[in-house]
Structures are given as structure tokens and as C-alpha cells.
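Okay, structure first, notes after.
Every read-out reported here was derived from the displayed coordinates using simple, explicitly stated rules and does not represent laboratory data. Treat the numbers as computed from the prediction; the structure is a model and nothing was measured. Ideal geometry is used to build each Cβ from the backbone, glycine not excepted, and the neighbour counts take in all protein chains shown.
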Amino acid sequence: MRYEAEENKIDNRNLIMPLADVYETDDLYTLKLEMPGIDKEQFSVTVEENELVVHAKLDGFPQSKNSLNEFNLSGYFRQFRLGNDIDRNSIEAGLENGILTVTFHKAEEVKPRRIAITSH
């Protein structure tokens, strides 16, 4: 199986699946991915149908035919299926200290709400 991003074909055997944490509050979900060594220009974060696809290409690992090259990584890749409770138009992403944070706002109709009690 191969993942195709932009014009680059990447062999999945050389991809790193980053560690992830997911947090939930009443209003949103937060996804944190550990992806050290990547600049924000190297990232691709997309929503394709019901999946969030995170890809980052690693550059700067020179390969030589005259040396032993065990460290042959092409990048990071991770997919997440999105639930129907996520507002697809308000997904945000930020990068700080090697941690990619993706914020998913919940759709208004699924957020908890307080029901007022009236007397009859």
C-alpha cells in the first residue's frame, strides 16, 4: 500500500505513525500528535470525506550508496475517522515544540445544553 501526497509517492514502510492523545470538553475535541523535527511548511493536514489525514515529509536525511543507511525515514502519517458531531468548517491546527495540535469544534446540535425548569 502506498500513500500519495502532492507529487510525492511515499513508501509506507518508511513512515512513522506519530503518538496521539485525544481530549474532549463540552465544546470541542483536541488531538495532539508528537511529530518532532518538522516545520509547519512540511505538513499536510486535510479532511477527506470522514477522515482527517495528517502527513509530514521528513527532509534532510542524506543517503549514500557508500555508507550504511539504517535511518531511512520518509515522514509521518496518521489517519483518524471523524464523527458526525464535528463541525468540519471549524477545524484548526497549530504546531509548537514538535507537537501538532488539531482542534475540532463540536456541532452546535450535539453540545450539551442546560434545560430551564419551569413551574406549572
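Computed values, structure above
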read-out	value
Cβ-defined net charge surrounding G37, 15 Å radius [Lys, Arg +1; Asp, Glu -1]	-3
Most to least packed among 26-38, 89-101 [average Cβ atoms within 10 Å]	26-38, 89-101
Simple label model, 7 Å out from Cα along Cβ direction - K32 to L19, nm	1.1 nm
Sequence-distant residues sharing a close amide H with L28 (under 5 Å, placed H)	K106
Label-to-label distance, nm, for residues given as R88 and I117 (7 Å Cα→Cβ offset)	4.1 nm
Proximal charge balance of A20 [Cβ under 11 Å; K/R count +1, D/E count -1]	0
